[in-house]
Amino acid sequence: MVEYSERIKSLPPYLFAQIDKKKREKLSQGVDIIDLGVGDPDIPTPEPIVRAMQKAVEKPEHHRYPSYEGMLSFRSAVADFYKRRFGVFLDPHKEVIALIGSKEGIAHFPLAFINPGDVVLCPDPAYPVYKIGTIFAGGVPYTLPLKEENHFLPDFKSIPEEVLRKAKIIWVNYPNNPTSAVATENFYRELIQWAKEHNIIVASDLAYSEIYFGEEKPLSILQIEGAKDIAIEFHSLSKTYNMTGWRIGMAVGNEHLIAGLGKVKTNVDSGQFQAIQEAAITALNLPDSEVQKIRDIYKQRREVMVKALEDIGLEVYKSSATFYLWVKVPKGFTSAEFVSLLLDQCGIVCTPGNGFGDYGEGYFRISLTVPTERLLQAVERISKLKIL
Ligand SMILES: *Cc1c(COP(=O)(O)O)cnc(C)c1O
């Protein structure tokens, strides 16, 4: 048989494979598994969005090829959302492009700007696609450790000069998956200034902008003065509106960067089904009270779960955004060992921190994507472990 390409062979090993296998074994033995592993909302998509889709599916004009860059009405709805939510003005013709889920855009973006050997600055721990997209484009990922003592913000000023010379893109993702950390305005300001000095594209992944619980709403990087000269932001309806299955997202920001991504996409896909784009317009125009209902559910789950975990002696990173908890592994265990123990002894699936990169070692991630009763059951089971 023909061998896999070097590109495929050079991918980091799939760290969840062992857990997946064990989980399937347990399920087949009839174990009642509580799955806190996946970052996929359990709450259904709001009614009005589903209704809009049902209507849109019937329209013959949507049965043909969509436009590559997305319907202008969708891109305008994105621009309106950015204006309303962030006070950011976008030209829907040039500064917005539709994506088949933001993962698609994140994976394809480096193909537009990375030549073989160019460096992409990738945070660690992180969503794996930044690194994998880099490798697929022939680029070289350079690890930016995210450390708790820095509130999980990268120390971009400590990157060696010889790396900077080859660097073309830096990825940032706040509110952050997996750590739940949030970026400050000051961090973004310094980042934009630094990126301009070194001519490095700032690629911001804002998938969790609407999953917040504090007084201060998470920022878009485009709120920072001058950001549009050098930044692109990837956003998605997946997490905000419980639409992970629908595959619709957007990239916004600098015109040249959007056009580059558009060039790649024109050659690999033919856009997203227009009925989905129409449903997405309905979603983006929903009153914030609809999203607030979703936030209230996560907020309650978060509060209950943080307290319960702390009561049994586990240390949770303090944050007020995302539906993740980033928890320290008890002394004497690695991330993999502890997550394995949770599955074996408690029937609980969590994600080991090192699955997001080496700097995730020492932590595990809990997704608050199951009802509160199940979360409490999970804590009850962990408390019986007698290792804490
Ligand atoms: C979920 C997620 C995404 C992408 O979601 P899509 O469904 O592809 O839009 C992107 N980045 C992070 C960090 C995520 O957790």
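The values are calculated or read from the model by the stated rules, or taken from the named source; none is laboratory data. Since we're looking at a predicted model, the values are computed, not measured. Note that we place each Cβ from the backbone using ideal geometry, even for glycine, and neighbour counts take in every protein chain shown. All accessible areas refer to the heavy atoms of the entire protein, side chains included, with ligands and DNA or RNA removed. Shrake-Rupley method; radii C 1.70, N 1.55, O 1.52, S 1.80 Å.
Specify which of the listed residues (Val120, Val38) is within 30 Å of Leu375 (Cα to Cα), within 16 Å of the ligand (Cβ to nearest atom), touching a residue at least 40 places away in the same chain (Cβ under 8 Å) and in contact with a strand residue (DSSP E or B) (Cβ under 7 Å, 6 or more places away or on another chain). After ruling out the rest, the residue left standing is Val38.
Number of residues in region 357-375 that are in a helix (DSSP H, G or I) and crowded, with 21+ Cβ neighbours inside 10 Å equals 3. Quick one: would you say Asp155 is in contact (Cβ under 8 Å) with a residue 60 or more places away in the chain and either buried (at least 23 other Cβ atoms within 10 Å of the Cβ) or more than 18 Å from the chain's Cα centre (by Cα) (or both)? Spelling it out, it is not the case that Asp155 is in contact (Cβ under 8 Å) with a residue 60 or more places away in the chain and either buried (at least 23 other Cβ atoms within 10 Å of the Cβ) or more than 18 Å from the chain's Cα centre (by Cα) (or both). Evaluate region 284-305: report whether one residue or more is within 27 Å of Leu11 (Cα to Cα), open to solvent by less than 10 Å² (accessible area, probe 1.4 Å) and not charged (D, E, K, R). No: zero hits. Total residues in region 1-47 satisfying the condition of being surrounded by 12 or more Cβ atoms within 10 Å (Cβ to Cβ) and more than 21 Å from Thr351 (Cα to Cα): the figure is 3. Asn254 passes all but one of (1) in contact with an Asp or Glu (Cβ under 8 Å, 6 or more places away or on another chain); (2) polar (S, T, N, Q); (3) within 14 Å of the ligand (Cβ to nearest atom); which number fails? The number of the failed condition is (3). When Ile135, Ile170, Ile192 are checked against the criterion of being touching a strand residue (DSSP E or B) at 6+ places or on another chain (Cβ under 9 Å) and outside any helix (DSSP H, G or I), a single residue qualifies: Ile170.
Every condition in (1) open to solvent by less than 10 Å² (accessible area, probe 1.4 Å); (2) in contact (Cβ under 8 Å) with a residue 40 or more places away in the chain; (3) more than 14 Å from the ligand (Cβ to nearest atom) holds for Gly260 except the one numbered (1). Taken over region 326-350, residues that are within 21 Å of the chain's Cα centre (by Cα) and modelled with pLDDT under 95 amount to 0.
Would you confirm whether or not region 211-231 contains a residue that is within 16 Å of the ligand (Cβ to nearest atom) and charged (D, E, K, R)? Looking for residues that are within 16 Å of the ligand (Cβ to nearest atom) and charged (D, E, K, R), one finds none in region 211-231, hence no.
Scanning region 69-104 for residues that are touching a Ser or Thr at 6+ places or on another chain (Cβ under 6 Å) and in a helix (DSSP H, G or I) yields Phe86, Ser102. Residue count for region 1-38 under the criterion of being within 30 Å of Val379 (Cα to Cα), at pLDDT 90 or above and not hydroxyl-bearing (Ser, Thr, Tyr): the result is 14.
Restricting attention to region 202-230, the residues being among the small types (Gly, Ala, Ser), surrounded by fewer than 23 Cβ atoms within 10 Å (Cβ to Cβ) and under 21 Å from Ala167 (Cβ atoms) number 1. Condition first: within 20 Å of Ala181 (Cα to Cα), touching a Phe, Trp or Tyr at 6+ places or on another chain (Cβ under 8 Å) and surrounded by 19 or more Cβ atoms within 10 Å (Cβ to Cβ). Can you find one or more residues in region 247-257 that meet it? No, the conditions are met nowhere in region 247-257.
Conditions (1) within 16 Å of the ligand (Cβ to nearest atom); (2) under 24 Å from Ile232 (Cα atoms); (3) not in a loop (DSSP other than H, G, I, E, B), marked per residue:
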| residue | (1), (2), (3) |
| --- | --- |
| Thr266 | no, yes, yes |
| Glu290 | no, no, yes |
| Lys307 | no, no, yes |
| Gly313 | no, no, no |
| Lys331 | no, no, no |
| Ala336 | no, no, yes |
| Gly355 | yes, no, yes |
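Residues that are in contact with a Pro (Cβ under 9 Å, 6 or more places away or on another chain) and closer than 14 Å to Glu337 by Cα within region 12-29 comprise Leu15, Phe16, Ile19, listed in sequence order. What are the residues in region 71-121 that are open to solvent by 20 Å² or more (accessible area, probe 1.4 Å) and at positive phi, if any? The answer is Gly87, Gly117. Just checking, does region 198-214 include any residue being modelled with pLDDT under 95 and in a loop (DSSP other than H, G, I, E, B)? Yes, the conditions are met somewhere in region 198-214.
Of all residues in region 1-17, those that are more than 21 Å from the chain's Cα centre (by Cα) and in contact (Cβ under 8 Å) with a residue 40 or more places away in the chain total 2. Picking from residues in region 172-201 that are among the β-branched types (Val, Ile, Thr) and more than 16 Å from the ligand (Cβ to nearest atom), the one that is surrounded by the fewest Cβ atoms within 10 Å (Cβ to Cβ) is Thr184.
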